[in-house]
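Below is one structure, written out as structure tokens, with a few remarks after it.
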Amino acid sequence: TRPGQENLNITIVDGFCGGGRFSSAGNTVDGSPLAILHAVQRALQTLNHNRQKPVTISAEYHFVDSHPAAIDQLRSILVSEGFGSEIDNTILLHTSEFVKVYPKIRQRIEARTRRGVGRSIFFLDQKGYKRVPFEIIRDILGSFTASEVLLTFATDFLLTHMTTDQPFLKAVAPIGLTPTTLKHWIEEKGQPGWRYLVQRGLKDHIQRASGAPFIS
């Protein structure tokens, strides 16, 4: 926050939110929606530690999943965790694919923030590498100067199975990989350190194709 700032306005989007909890090694683990909500609560406590005039966080959350059962479970868990009153107010649940609901979320960000700023964080934990077209990331970063995207990308899976067959070319079209690039990478296979070199090339491609000024 800036000195003297009294309110932090932010939109947090979880594009593949799941059902709110999952099993891991026999244990029940909180999923990303609860992790996000609790992280904001902790951030507010940290911001106001030893501060005479408290800062408020005006956060709006969008939790998106294409599976109705996942959204139903998440709704139930949010109610049980004490977030029920925020559902349909500051917490918006979307039974949809992220790419289909993004325009609506974009409008919400524009409406609640100064145009061109749109302080927002997008958690895009896709399963694979093709469920988030880079044109959407370009739009997020190009439209809102205070936005950040955390993207999961199955790099090893893509490199292991890449070909120049038409079905694969169609699958990677949304992320901007061309037959020429893929052919070059495939020719590198078997060379010493090829996987590292191609991963570096893919990283550079992701930055160019997404329009991200910074990437890590």
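The values are calculated or read from the model by the stated rules, or taken from the named source; none is laboratory data. Bear in mind that the values here come from a model prediction, so they are computed numbers and not experimental data. Quick reminder, even Gly has a Cβ in these numbers, built from the backbone with ideal geometry, and neighbours come from all protein chains shown. Surface accessibility is based on the protein's heavy atoms, side chains included, excluding ligands, DNA and RNA. Shrake-Rupley method; radii C 1.70, N 1.55, O 1.52, S 1.80 Å.
Normalised by the empirical 2.2 N^0.38 Å for globular proteins, what value does the Cα Rg of region 120-216 take?
After normalising by residue count via 2.2 N^0.38 Å, the value is 1.10.
With every protein chain left in place and a probe of 1.4 Å, what is the accessible surface of T163, to the nearest 10 Å²?
About 40 Å², ignoring ligands and nucleic acids.
Could you name the aspartates and glutamates whose alpha carbon sits less than 17 Å from that of K189, not counting residues in the same chain fewer than 8 places away?
Within reach: D156, D165.
Show S23, S143 ordered by accessible area, largest first, where the area counts protein heavy atoms only and the probe is 1.4 Å. Display every interim value, and only then the final one.
Numbers: S23 100, S143 30 Å².
From most accessible down to least: S23, S143.
Considering the dipole of the chain built from charges on the beta carbon (Lys and Arg +1, Asp and Glu -1) around the Cα centre, which of I105, S147, A173 is farthest to its positive end?
S147
So if I place +1 on the C-beta of Lys and Arg and -1 on the C-beta of Asp and Glu, and nothing else carries charge, what would the dipole magnitude of the chain be about its Cα centre? I want it in debye, nearest 20.
Result for the chain is approximately 540 debye, rounded to the nearest 20.
By the scheme Lys and Arg +1, Asp and Glu -1, what is the net charge of all other residues having a beta-carbon under 13 Å from that of G20? Show your work: numbers first, answer last.
Values: positive: R21, R75; negative: D14, D30, D65, D72, E81.
My count for the surroundings of G20 gives -3.
What do you reckon, how do D14, D156 stack up by accessible area (1.4 Å probe), largest on top?
D156, D14
Taking the highest mean first, how do the peptides 58-64, 198-204 order by number of other beta carbon atoms within 10 angstrom per residue? Write down the numbers at each step before the final one.
Values: 58-64: 21.6, 198-204: 15.1.
In descending order of packing, they fall as 58-64, 198-204.
Suppose only helical runs count, i.e. DSSP H with n ≥ 4. What mean residue ellipticity at 222 nm does that imply for the chain under -39500 (n - 2.57) per run, divided by all residues and rounded to the nearest 500 deg cm²/dmol?
After summing the helix terms and dividing by residue count, I get -13500 deg cm²/dmol.
Placing +1 at every Lys and Arg Cβ and -1 at every Asp and Glu Cβ, with all other atoms neutral, what dipole size does region 8-103 have around its Cα centre, in debye to the nearest 20? Intermediate results must be reported in sequence, preceding the final value.
Numbers: 6 positive and 9 negative charges, 78 e Å.
Computed charge dipole of region 8-103: roughly 380 debye.
For the chain, max minus min Cα coordinate along each principal axis, in Å, sorted largest first?
61, 42, 32
Would you mind checking K100/K170; K53/K104; K100/K183; K104/K203 for any pair whose Cα atoms are more than 27 angstrom apart?
The answer is K53/K104; K100/K183; K104/K203.
Taking a ≥ b ≥ c as the square roots of the eigenvalues of the Cα gyration tensor of region 52-117, is the shape rounded (a/c under 1.5), prolate (a/b larger than b/c) or oblate?
Here region 52-117 falls in the oblate category.
Please give the contour-minus-distance gain from E187 to D139: 0.36 nm per residue of separation, less the Cα-Cα distance, rounded to one decimal in nm.
Value of the extension gain: 14.0 nm.
Let me make sure I get this right: for region 156-209, a, b and c are the square roots of the gyration tensor eigenvalues over alpha carbons, sorted descending. Under 1.5 in a/c it's rounded, otherwise prolate if a/b > b/c, else oblate. Which is it? Write down the numbers at each step before the final one.
Numbers: a/c = 1.94, a/b = 1.24, b/c = 1.56.
Judged from the Cα gyration tensor, region 156-209 comes out oblate (a/c at least 1.5, b/c at or above a/b).
Return the ratio Rg/(2.2 N^0.38 Å) for region 1-116, where Rg is computed over Cα atoms only.
Numbers: Rg = 15.6 Å, N = 116, 2.2 N^0.38 = 13.4 Å.
So the Cα radius of gyration is 1.16 times the expected 2.2 N^0.38 Å.
For region 113-182, with only Lys/Arg (+1) and Asp/Glu (-1) charged at the beta-carbon, what is the dipole magnitude about the Cα centre, in debye rounded to 20?
Working: 8 positive and 6 negative charges, 62 e Å.
In debye, rounded to 20, region 113-182 gives about 300.
Any number yet on Rg/Rh for region 83-143, C-alpha, Kirkwood?
On the way: Rg = 12.8 Å, Rh = 13.1 Å.
Rg divided by Rh gives 0.98.
Quick one: grab the alpha carbon gyration tensor of region 21-64, order the square roots of its eigenvalues as a ≥ b ≥ c, and give me rounded if a/c is under 1.5, else prolate or oblate depending on whether a/b is larger than b/c.
Numbers: a/c = 7.82, a/b = 2.09, b/c = 3.74.
Oblate shape, in that a/c is at least 1.5 and b/c is the bigger or equal ratio.
Tell me, what is the per residue accessible area of region 1-125 in Å², probe radius 1.4 Å?
Working: 6830 Å² over 125 residues.
Here the residues of region 1-125 average 55 Å² of exposed surface.
Would you kindly find the accessible area of K189, with a 1.4 Å probe and non-protein molecules such as ligands, DNA and RNA excluded, rounding to the nearest 10 Å²?
K189 exposes around 80 Å² with every protein chain in place.
Can you send over the solvent-accessible area of L37, 1.4 Å probe, protein chains only, in Å² to the nearest 10?
Ignoring ligands and nucleic acids, L37 comes out at about 0 Å².
In the chain, carbon and sulfur make up what percent of the accessible area (probe 1.4 Å)?
51 percent
State the antiparallel share, in %, of DSSP beta bridges confined to the chain, rounding to the nearest 5.
15 percent
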